[in-house]
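Note sheet for the following structure.
Bear in mind these aren't lab numbers, they're just calculated from the coordinates by the rules spelled out. Given the structure is predicted, the values throughout are model-derived calculations rather than measurements. For neighbour counting, all protein chains shown are included, and Cβ atoms are generated from backbone atoms with ideal geometry for every residue, glycine included.
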Amino acid sequence: MKTVDLRSDTVTKPTMEMREAMAHAEVGDDVLGEDPTVKRLEATAAAMIGKEAALFVASGTMGNQVAVLSHTARGNEVIVDDQAHIFYYEVGAPAILSAVQLRPVTGLHGPDAPKLIKAAVRDRDNIHYPETSLICLENTHNRGSGTIMAPEQMQEIYELAKQYRLSVHVDGARIFNAAVALGRQPGEFSRWCDSIMFCLSKGLGAPVGSMLAGSRDFIDRARKYRKALGGGMRQAGILAAAGLVALGSVNRLAEDHVHAKMLAQSLAGIPGVQVDLNKVQTNIIVADVSGTGMTSEEFVSVLEQRGVLAITFGPTLIRLVTHRDVSREDVEYAIDVINNIN
């Protein structure tokens with residue numbers, strides 16, 4: 001039976017071009033600053049995202065946590081959306097590693113963000129309060145069905161943050177999806193933040209790694225924190241070589257967006273399934289299956305029995321993600337399965 005894996009864009013396999021680049025990568029000790037392929041990846045990533053410097057890290061979570069460490073002091077408070085990856089999926093790492101408190105805010109990625117931020121920022125003169133030092137945004141927003149925060153909205157938040165002397169970090173794991181979907185340059189997004197992390201190992205398809213970018217001073221601090229977290233890799237050029245190939249494949253993300261819309265429209269046509277098609281802006285679909293009488297686990301199990309893999313996203317929510325290893329033929333197969341579900 002055919003299998004179409006829509007659980008995540010993290011399941012992509014490295015291409016033959018990536019494997020060949022890894023096999024022939026020029027390497028050195030990156031902790032000593034001697035790996036030429038890592039250096040080239042960091043310079044390329046910084047240029048593409050519009051920042052002074054970049055740092056190769058093992059994962060998106062490591063990139064986010066190094067950023068929090070670099071922007072904050074012990075006892076600070078960090079404003080995040082209540083559905084943010086940093087809050088929802090990173091094992092409480094800000095408390096463990098940075099000794100900071102997260103202030104989850106509902107709707108931080110919506111039109112009321114400035115008002116919500118003003119209400120959340122602490123009064124520095126009040127001895128009872130922690131000091132707010134950082135706002136973390138997410139673009140695209142994973143639990144928001146891959147929705148995009150436009151540069152204009154980011155600008156409004158960034159300028160407000162500076163009025164309060166706050167830094168802004170962006171979990172941009174899928175920032176290139178946002179840029180491709182809106183037909184904008186990545187630098188139009190990154191201009192409105194102090195640091196940004198993006199993944200090489202999701203839609204771009206590299207086997208390992210993410211990039212953290214910001215000013216040179218920021219990346220100098222971040223490099224030491226990466227080492228403290230055990231992220232000082234040695235001949236990491238073998239991995240960086242695949243990342244360089246991945247950065248050359250950004251434009252093909254548009255194909256994943258087309259496939260996601262096809263799937264979403266099919267799901268929305270099933271009685272009892274609700275999909276907000278306005279939120280299917282990139283490669284992520286979140287559907288509510290409560291009207292079918294099935295739980296999300298039951299619905300996902302039925303799909304799996306027919307060769308379509310998805311994940312649960314809550315008691316009645318499922319998520320499907322398109323990616324490079326899902327062809328149009330695969331999408332059509334998944335649609336046929338979905339249309340015949342009962």
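Computed from the C-beta positions of Asn339 and Asp82, the FRET efficiency with R₀ = 30 Å rounds to 0.30. The order of the peptides 55-67, 18-30 by mean Cβ neighbours within 10 Å, most packed first, is 55-67, 18-30. Its Cα gyration tensor gives the range 1-113 an equivalent ellipsoid. The semi-axes, each the square root of 5 times an eigenvalue, are 31, 23, 14 Å from largest down. Compactness of the range 61-184 was expressed as the Cα radius of gyration divided by 2.2 N^0.38 Å, which yields 1.01.
In the range 56-122, the alpha-carbon atoms span a convex hull of 90 Å³ per residue. In order along the range 184-200, the phi-based Karplus estimate (6.51 cos²θ - 1.76 cosθ + 1.60, θ = phi - 60°) of 3J(HN,Hα) comes to 10, 7, x, x, 5, 8, 6, 4, 9, 7, 8, 8, 8, 10, 9, 8, 8 Hz; Gly and Pro are listed as x.
For the residue pairs Lys115/Lys279; Lys2/Lys261; Lys51/Lys202, alpha carbon separations are all held to 29 Å or less.
Computed extension gain for Leu32 through Asp325, at 0.36 nm per residue and net of the alpha carbon distance, reaches 101.9 nm.
Decide, for the chain, between rounded, prolate and oblate: order the square roots of the alpha carbon gyration tensor eigenvalues as a ≥ b ≥ c, take rounded if a/c falls under 1.5, and otherwise choose prolate if a/b is larger than b/c, else oblate. Judged from the Cα gyration tensor, the chain comes out oblate (a/c at least 1.5, b/c at or above a/b).
Per-residue ellipticity at 222 nm computed for the chain from its helices equals -11500 deg cm²/dmol, with DSSP H segments shorter than 4 residues left out and the rest contributing -39,500 (n - 2.57).
Note on the range 28-93: Cα Rg divided by 2.2 N^0.38 Å, N the number of residues, gives 1.35. From the square roots a ≥ b ≥ c of the eigenvalues of the alpha-carbon gyration tensor of the range 223-292, which class results: rounded (a/c under 1.5), prolate (a/b over b/c), or oblate? Here the range 223-292 falls in the prolate category. In the chain, Cα pairs under 8 Å separated by at least six residues give a relative contact order of 25 percent. For Glu255, the shell of other residues with beta-carbons less than 10 Å away shows a net charge of +2, using +1 for Lys and Arg and -1 for Asp and Glu. Direction-averaged projected area, Cα convex hull, the range 179-314: 11.1 nm², rounded to one decimal.
Tell me whether the range 103-251 comes out rounded, prolate or oblate; compute the Cα gyration tensor, take square roots of the eigenvalues as a ≥ b ≥ c, and use a/c under 1.5 as the rounded threshold. Cα axes put the range 103-251 in the oblate bin. Summing +1 for each Lys or Arg and -1 for each Asp or Glu among the other residues whose beta-carbon sits under 14 angstrom from that of Val337 gives -4. Other residues lying with their Cβ under 15 Å from the Cβ of Gly291 contribute a combined charge of -3, Lys and Arg counting +1, Asp and Glu -1. Taking a straight line from the alpha carbon of Lys118, these lysines sit under 18 Å away, with near neighbours fewer than eight places off in the same chain left out: Lys162. Given R₀ = 30 Å, what would the calculated FRET efficiency be for Gln305 paired with Ala268, taking r from the Cβ atoms and rounding to 0.05? The computed FRET efficiency comes out at 0.85.
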